[in-house]
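Engineer: Starting off with a structure, shown below.
The values are calculated or read from the model by the stated rules, or taken from the named source; none is laboratory data. Nothing here was measured: the structure is a model prediction, and the numbers come from that model. Cβ coordinates were reconstructed from backbone atoms using ideal geometry, including for glycine residues, and neighbour counts include every protein chain displayed. Side chains included, ligands, DNA and RNA excluded: accessible areas come from the protein's heavy atoms. Shrake-Rupley method; radii C 1.70, N 1.55, O 1.52, S 1.80 Å.
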Amino acid sequence: MIFKFAFREIYRNWNINLFFVLNLSLGLIGFLTVDSFKTTLQKYISENSKRILSADLAVSARREITKDELQNVRNIIGNDVSESQIFDFFAMISTPSGSKLVLVKAIDQSYPFYGEIELESGPVISEKTPNKTIFTAPKAWVYPELKYQLNLKRGEKFRLGNIEFILDDFVIKDSSQTFRLTSLAPRVFIDRSLLNKTGLIKYGSTFTQSYLFKIKDDKNISEKISQIYSLNKDPAFRIETPASAGEDSSRQLDYLSDFLSLVALVALVLSALGTAYLYRLYLSQHIKEIAIYRSLGLQQDSLFKIYFCQIFLLGILSLIPTVIGVNLLLPVLSQFIEQLTSLNLNPLVSGKSVLITYVLAFISSCLITLPYLLKLNQLKPARLFSEETFSPELKIDNPLVFVPALVVLYFLSVWQSHSLYFGSIFFGALVGLSLIISLISFGFLQSLSKIPKKMAWYFRIALKSLSRRKNQSWAVFLAIAIGSLLINLLPQMKTSLKNDFAVENQTKLPSIFLFDIQDDQIEDLKNELIKNNIPLLNVSPLVRSRLLKVNDQNYERAIEPQNFKTREEESAARSRNRGVNLSYREVLTDTEKIISGVSIDKKYDPNSSELPLASLEKRFAERMNLKLGDVLSFDIQGVEIKAKVASVRQVRWNSFRPNFFILLQDGVLNEAPKTFIAVLPQLDENIKSLVLSNLNRQFPNVSALDVRRTVEEVLQVSEKMSWSLELMAALALATGYVVLFSIIQTQVQTRRWELNMYKILGAHFFELRWVLIFEFTLISFVASLCGAFLSLFLSAILMYEMFGIQLTITWLPILSTVIFISVTSALIAIWCSRQVVREKPLVLLQGS
Amino acid sequence: MSLEINALSKHFFQGETKIDVLHDLNVLVKSAEIVAILGQSGSGKSTLLSLIAGLEKPNSGKIIIDDVNIVPLSERQVTQFRANSLSLVFQQYHLISHLTAIENVSLPLEILRTSDAELRAEALLKDLGLGHRLHHFPNQLSGGECQRVAIARALVTNPKVLLADEPSGNLDIDTGEKVMETFLNLVRKHKTTTVIVTHNENLARKCQRSFRLKAGQLIEINW
């Protein structure tokens, strides 16, 4: 009986249920799209993880791995293994066309154990490929960017350190670099045995040494890893498995997915708003029938079961347009991702994703509709009798009934963003902004009660309708304002970033960033540059060290949790498992400022009994859970040095000047083994090219990063990333439109009596039309303007918090959004009212 | 199936003012008897009906239907009792707008999970001359037809007691008379104990007994 009643309720009220399904499905499309994308990505990673790592196990360190460490590994993993050694490091490649920073990968014959390197001329290099060409002569395989950046062709020569290499082929596909969004430097593959001859790896050079293992019997690998870690305790010694390599490689995409999920969540919230409105209306229209059912003997709990069953069925029905919508949206999203990563994932909708989406749909529908269903307990069927007037009212007196829905939203925010921090901020922002928008909407609606008497009657009726139907008006206002806010947020942030870089470019952004400068090269370098009147700026020492203890507690390696882990946990684990770079300055630069604690400018007196002082960068301190007063112990080449945290700094990293997470007082590290980093000021392109070539010739171990080109690449990548975010934002706005359409359509239908009464009293149909057009256009205009201005406010906060820069307002997106939304609302009002406006008022007199 | 009301009282509060609607009301309606209750607007007729139907609780007194005092029963018990033993006909018909005539009539049987609900509904509608309107919706029926559907819905479960609230109140005189004639014939045929609240004295005279509700009390009318 329950199922039959529920099914009948749905198909006999198909029009309002259709809107319900449409609203729900729009909210679910974004969620299911992103979930399907993430599921496909995870599946790809898991199927290709060995190819990504190129091994069953890899150990690495940003220093030379000691013989003892290597022997420990060999003892534990056994004899039945194949082994390969790799060096990764930055270097400058030099050609007649110029010089460029590259990432050199020095490999041996057995690389890669898994996966392959596809070359442009056809060969596919794998473990079993015999006579790999780069091992037969000083040859190299390079990434294709160098074709355009340095005008390189196959067979041409280039210099890397002390050796001239022949460009053997271009790499068109590298299975270990599947998710490359952007890299500071294109890869160059060379024979590892030539490394010493290049002279590129010197003391202090930035490199990573890795040993890859192909293990025949890879059972109990986790146990073996634990044993290795227990022997090799230095946190800088890393072990990677295919699973962790896969995770690492997709991290940038994972972050993007997290943000996409949050935007999709906004669409879900908007659809929930529309769904709640529609369901409230539906129940209000059917409350008399519910009273009849009760008078006929239907139990209260049977009524609940019928309506829950109805929601269950509507949830299933909503999956149909959802899956259709996802299959249309997924290819578009993956096209955007392909532009970013060159990876064609071909994401598909999986049954598991559909099931999760359905459960979410059902739970959220129940939470939204439950407060209204509970009101049915207060229904008095006795009011059906003749002397009573049956005027049903479904007002929610206690807003606390919506708290469970908010709790679910909070958990969804944290789950989807994989971050307690971002999830909480997102939730807080959404709730906070909704409250602000609600206050503004009620204030605006209240102000409409003062209607100018000289206004045409239909405009006055429209204003009265808005101000006296506050709940309906509020729902429209909120939906439009949130959609407008979202759609304006990204353009504001993008423009501000671009402008900031542009401003910096013209004034303070350096043209070249130099690193791996040896101690004994500094003066020669300065002298060489002075010949061309180029100063060497912000020369900063870099001292490699290991963090041994914090407040005399050993600083242990962090093991990432295997199950659900937040991005903060991942980031903290990565930070802990690295070495730390220390530096010192006489004074702070203009790109950093102390936000708490005291200055460490005073030179340290080694005779003092006080500990030297340290200054930490703000986010680094938060990640590492360090605070003022903590005593840090560092190991610098076997020498232990302690320092006390005296201040926390905020650093403008987008200035591209040398900056460090940890600064010590001048006078503490001056005698420590170190390299230097520095920058060159703004230079003309021609001069820059010459300078790079000269530097590379005279100082082949010094690496140089073209800052302007890097900034351009980063901006290009962020532009591409923003396409996918804008796609989701457009979906959220579309959901807002559907909510608007649903509300206008249902309002027009419920106001038929009123509209026909105006006709009986003598109104023309075009005047009636103006009532509706003016009403909905006005509220959409004000709501979209409100959302757009709030987006400026939110953008300003985000730009400052995330990048430390001021917002640059761009008015075009705001103007175009407001106009577009207002015009579309007017068109929707015209469309929805076309039938009712032309209806004969006789219909009313006949009592239908 | 008899209906006995003993010392029934019901009052409401409007602000701090207590309004006695029914005061120590007593009546016995014998099995298969048809009685009419007349009274002015606001005299408490609807309140009396809603108390008998178990849709409200009295402040004191008993309502005994078929030897069962329904006053102390729980909400769940009284709802079940209403489904099994009692039916209502409203002045405004109160048909479900998105159900056809036959579906409206079979609804009480579906609530009781009766298997041949539609067959019985169809038979009763045909008895009431609506065999050609089985699959029409309420907005496609005339007032008289709607009221006949409402009557069929009330009778389809063979209730022990039937309560009718101004059943001809929304109909014109001629239609009302025809419908009420049909109605009375059917309740007599089914031997249903019937209480009709009405303003219509002609209709009241056709019932076996009539009462006037005044000052919270029922006074029998001798025509």
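Engineer: Any idea which of B:Thr47, B:Thr79 is within 11 Å of chain A (Cβ to nearest Cβ), open to solvent by 10 Å² or more (accessible area, probe 1.4 Å) and in contact (Cβ under 8 Å) with a residue 12 or more places away in the chain?
Structural biologist: Working: B:Thr79 fails: open to solvent by 10 Å² or more (accessible area, probe 1.4 Å).
After ruling out the rest, the residue left standing is B:Thr47.
Engineer: Further question on the same structure: Considering only residues of region B:50-59 that are facing chain A (nearest Cβ under 10 Å) and surrounded by 20 or more Cβ atoms within 10 Å (Cβ to Cβ), which is modelled with the highest pLDDT? Don't jump to the end; show me each part of the working.
Structural biologist: Initially, region B:50-59 is screened for residues facing chain A (nearest Cβ under 10 Å), giving B:50-51, B:53-56.
Then keep just the ones that are surrounded by 20 or more Cβ atoms within 10 Å (Cβ to Cβ); that gives B:50-51, B:53-55.
Numbers: B:Ser50: 86, B:Leu51: 90, B:Ala53: 87, B:Gly54: 85, B:Leu55: 83.
Checking each candidate, the answer is B:Leu51.
Engineer: Here is a check on your reading of the model: is A:Ile292 in contact with a helix residue (DSSP H, G or I) (Cβ under 8 Å, 6 or more places away or on another chain) and β-branched (Val, Ile, Thr)?
Structural biologist: Details: in contact with a helix residue (DSSP H, G or I) (Cβ under 8 Å, 6 or more places away or on another chain): yes; β-branched (Val, Ile, Thr): yes.
Against the criterion (in contact with a helix residue (DSSP H, G or I) (Cβ under 8 Å, 6 or more places away or on another chain) and β-branched (Val, Ile, Thr)), A:Ile292 qualifies.
Engineer: Among the residues of region A:538-551, is any modelled with pLDDT under 80 and either open to solvent by less than 70 Å² (accessible area, probe 1.4 Å) or not basic (Lys, Arg) (or both)?
Structural biologist: Initially, region A:538-551 is screened for residues modelled with pLDDT under 80, giving none.
Checked against the condition, which is being modelled with pLDDT under 80 and either open to solvent by less than 70 Å² (accessible area, probe 1.4 Å) or not basic (Lys, Arg) (or both), region A:538-551 yields no hits at all.
Engineer: What pairs come up if the first residue lies in region B:83-109 and is in contact (Cβ under 8 Å) with a residue 40 or more places away in the chain, the second is open to solvent by less than 10 Å² (accessible area, probe 1.4 Å) and of a type in the set (Lys, Arg), and their beta carbons are under 6 Å apart, counting only those six or more places apart or on different chains?
Structural biologist: B:Asn104/B:Arg153; B:Val105/B:Arg153
Engineer: Which condition number in (1) in contact with a Phe, Trp or Tyr (Cβ under 9 Å, 6 or more places away or on another chain); (2) open to solvent by less than 20 Å² (accessible area, probe 1.4 Å); (3) under 25 Å from B:Gln77 (Cα atoms) is the one that A:Glu289 fails?
Structural biologist: It is condition (1) that A:Glu289 fails.
Engineer: A further question on this structure: Considering only region B:87-119, state which residues are assigned to a helix (DSSP H, G or I) and either within 7 Å of chain A (Cβ to nearest Cβ) or open to solvent by less than 10 Å² (accessible area, probe 1.4 Å) (or both). Please lay out each step first, then the result.
Structural biologist: Of the residues in region B:87-119, the ones assigned to a helix (DSSP H, G or I) are B:101-111, B:117-119.
Across region B:87-119, the qualifying residues are B:Ala101, B:Ile102, B:Asn104, B:Val105, B:Ser106, B:Leu107, B:Pro108, B:Leu109, B:Glu110, B:Ile111, B:Ala117.
Engineer: Answer with yes or no whether A:Ser496 is at pLDDT below 85, crowded, with 17+ Cβ neighbours inside 10 Å and in contact with an Asp or Glu (Cβ under 6 Å, 6 or more places away or on another chain). Steps first, please.
Structural biologist: Numbers: at pLDDT below 85: yes; crowded, with 17+ Cβ neighbours inside 10 Å: yes; in contact with an Asp or Glu (Cβ under 6 Å, 6 or more places away or on another chain): no.
When the stated conditions are applied, A:Ser496 does not pass them.
Engineer: For a quick check of your reading of the model, give me the residue pairs whose first member lies in region A:519-537 and is in contact (Cβ under 8 Å) with a residue 40 or more places away in the chain, whose second is in a helix (DSSP H, G or I) and loosely packed, with under 13 Cβ neighbours inside 10 Å, with beta-carbon atoms closer than 8 Å and at least 6 apart or on different chains.
Structural biologist: Correct list of pairs: A:Asp524/A:Gln698; A:Glu528/A:Gln698.
Engineer: Which residues, counting only those in region B:60-70, are open to solvent by 30 Å² or more (accessible area, probe 1.4 Å) and β-branched (Val, Ile, Thr)?
Structural biologist: Matches in region B:60-70: B:Ile64, B:Val68.
Engineer: Same structure, new question: Do any residues in region A:246-265 that are within 18 Å of A:Ile29 (Cβ to Cβ) and in contact (Cβ under 8 Å) with a residue 12 or more places away in the chain have Cβ atoms under 6 Å from those of residues that are charged (D, E, K, R) and buried (at least 23 other Cβ atoms within 10 Å of the Cβ), where the two are at least six apart or on different chains, and which pairs are they?
Structural biologist: Short answer, once both residue conditions are applied: none.
Engineer: Considering only region A:1-118, give the helices (runs of 4 or more DSSP H) lying wholly within it that have at least 1 residues that are over 30 Å from A:Leu262 (Cβ atoms), open to solvent by less than 60 Å² (accessible area, probe 1.4 Å) and within 14 Å of chain B (Cβ to nearest Cβ). Please lay out each step first, then the result.
Structural biologist: Values: elements: A:2-12, A:14-53, A:67-77.
Answer list for region A:1-118: A:2-12, A:14-53.
Engineer: Within region A:599-640, track down each residue that is among the β-branched types (Val, Ile, Thr) and at pLDDT 90 or above. Quick ask: steps written out before the conclusion?
Structural biologist: To start, the set of residues in region A:599-640 that are among the β-branched types (Val, Ile, Thr) comprises A:600, A:631, A:636, A:639.
Residue satisfying the conditions is A:Val631 alone.
Engineer: Right, next: For region B:59-86, give me the residue count where each residue is part of a loop (DSSP other than H, G, I, E, B) and among the small types (Gly, Ala, Ser).
Structural biologist: Applying the first criterion (part of a loop (DSSP other than H, G, I, E, B)) to region B:59-86 yields B:59, B:66-67, B:70-74.
Right, trim to among the small types (Gly, Ala, Ser) and you get B:74.
So the answer is 1.
Engineer: Here's a follow-up. Just give me the residues in region A:164-180 being open to solvent by 20 Å² or more (accessible area, probe 1.4 Å) and either of a type outside the set (Val, Ile, Thr) or modelled with pLDDT of 90 or more (or both), in sequence order.
Structural biologist: A:Glu164, A:Ile166, A:Asp168, A:Lys173, A:Gln177, A:Arg180
Results for (1) open to solvent by 30 Å² or more (accessible area, probe 1.4 Å); (2) within 14 Å of chain B (Cβ to nearest Cβ), shown as yes or no for each residue.
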position	(1), (2)
A:Gly297	no, yes
A:Cys309	no, no
A:Leu314	no, no
A:Pro321	yes, no
A:Ile324	yes, no
A:Thr341	no, no
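Engineer: Can you give me the number of residues within region A:636-688 that are among the polar types (S, T, N, Q), more than 19 Å from A:Asp605 (Cβ to Cβ), outside any strand (DSSP E or B) and in contact (Cβ under 8 Å) with a residue 24 or more places away in the chain? Steps first, please.
Structural biologist: Filtering region A:636-688 down to residues among the polar types (S, T, N, Q) leaves A:637, A:647, A:650, A:654-655, A:659, A:665, A:670, A:675, A:682, A:686.
Now narrow it down to the ones that are more than 19 Å from A:Asp605 (Cβ to Cβ): A:637, A:650, A:654-655, A:659, A:675, A:682, A:686.
Checking the rest, the ones that are also outside any strand (DSSP E or B) come to A:637, A:654-655, A:659, A:682, A:686.
When the remaining residues are screened for being in contact (Cβ under 8 Å) with a residue 24 or more places away in the chain, the result is A:637, A:654-655, A:659, A:682.
Total meeting the criteria: 5.
Engineer: Still on this structure, please answer the following. Would you pick out the residues in region B:1-23 that are farther than 17 Å from B:Thr192 by Cα, open to solvent by 40 Å² or more (accessible area, probe 1.4 Å) and modelled with pLDDT under 90?
Structural biologist: B:His11, B:Phe12, B:Phe13, B:Gln14, B:Gly15, B:Glu16, B:Thr17, B:Lys18, B:Ile19, B:Asp20, B:His23
Engineer: Please enumerate the residues belonging to region B:31-44 that are within 13 Å of another protein chain (Cβ to nearest Cβ) and open to solvent by 30 Å² or more (accessible area, probe 1.4 Å). Working first, answer last.
Structural biologist: Residues of region B:31-44 that are within 13 Å of another protein chain (Cβ to nearest Cβ), as a first pass: B:37, B:39-44.
Correct list: B:Gln40, B:Ser41, B:Gly42.
Yes or no, residue by residue, for (1) under 23 Å from B:Leu55 (Cα atoms); (2) at pLDDT below 85; (3) not β-branched (Val, Ile, Thr):
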site: B:Ile111; (1), (2), (3): yes, yes, no
site: B:Thr114; (1), (2), (3): no, yes, no
site: B:Leu128; (1), (2), (3): no, no, yes
site: B:Arg133; (1), (2), (3): no, no, yes
site: B:Val149; (1), (2), (3): yes, no, no
site: B:Pro159; (1), (2), (3): yes, no, yes
site: B:Leu163; (1), (2), (3): yes, no, yes
site: B:Gly176; (1), (2), (3): no, yes, yes
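Engineer: Next up: Just one of (1) at pLDDT 90 or above; (2) open to solvent by 20 Å² or more (accessible area, probe 1.4 Å); (3) within 14 Å of chain A (Cβ to nearest Cβ); (4) closer than 15 Å to B:Leu213 by Cα trips up B:Asn26, so point out which.
Structural biologist: (3)
To keep it simple, each residue is scored yes or no on (1) modelled with pLDDT of 85 or more; (2) surrounded by 15 or more Cβ atoms within 10 Å (Cβ to Cβ); (3) closer than 27 Å to A:Trp723 by Cα.
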residue: A:Thr507; (1), (2), (3): no, no, no
residue: A:Ile512; (1), (2), (3): yes, yes, no
residue: A:Asp516; (1), (2), (3): yes, yes, no
residue: A:Val580; (1), (2), (3): no, yes, no
residue: A:Gly597; (1), (2), (3): yes, yes, no
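Engineer: Another question, then. Taking A:Val587 and the conditions (1) closer than 16 Å to A:Val648 by Cβ; (2) open to solvent by 40 Å² or more (accessible area, probe 1.4 Å); (3) in a loop (DSSP other than H, G, I, E, B), which numbered condition does it fall short on, given that it satisfies the others?
Structural biologist: With (1) closer than 16 Å to A:Val648 by Cβ; (2) open to solvent by 40 Å² or more (accessible area, probe 1.4 Å); (3) in a loop (DSSP other than H, G, I, E, B) applied to A:Val587, the lone miss is (1).
Engineer: Let me ask another. So which residues in region A:701-751 are under 30 Å from A:Lys688 (Cα atoms), of a type in the set (Gly, Ala, Ser) and open to solvent by 20 Å² or more (accessible area, probe 1.4 Å), if there are any at all?
Structural biologist: The one that is under 30 Å from A:Lys688 (Cα atoms), of a type in the set (Gly, Ala, Ser) and open to solvent by 20 Å² or more (accessible area, probe 1.4 Å): A:Ser718.
Engineer: Could you please give the count of residues in region A:187-225 that are in a helix (DSSP H, G or I) and either hydrophobic (A, V, I, L, M, F, W, C) or within 20 Å of A:Glu127 (Cβ to Cβ) (or both)? Let's see the steps before the verdict.
Structural biologist: Start the filter on region A:187-225 by keeping residues that are in a helix (DSSP H, G or I), which leaves A:192-198, A:221-225.
Restricting the remaining residues to those that are either hydrophobic (A, V, I, L, M, F, W, C) or within 20 Å of A:Glu127 (Cβ to Cβ) (or both) gives A:192-195, A:221, A:225.
The qualifying residues number 6.
Engineer: Shifting gears a bit: Within region A:128-164, take every residue that is part of a loop (DSSP other than H, G, I, E, B) and in contact with a Pro (Cβ under 6 Å, 6 or more places away or on another chain) and give me the one that is farthest from A:Ser94 (Cα to Cα). Working first, answer last.
Structural biologist: Just the residues of region A:128-164 that are part of a loop (DSSP other than H, G, I, E, B), to begin with: A:128-132, A:136-138, A:143-144, A:150-156, A:161-162.
Filter again for in contact with a Pro (Cβ under 6 Å, 6 or more places away or on another chain), leaving A:143, A:161.
Details: A:Tyr143: 15, A:Gly161: 9 Å.
That would be A:Tyr143.
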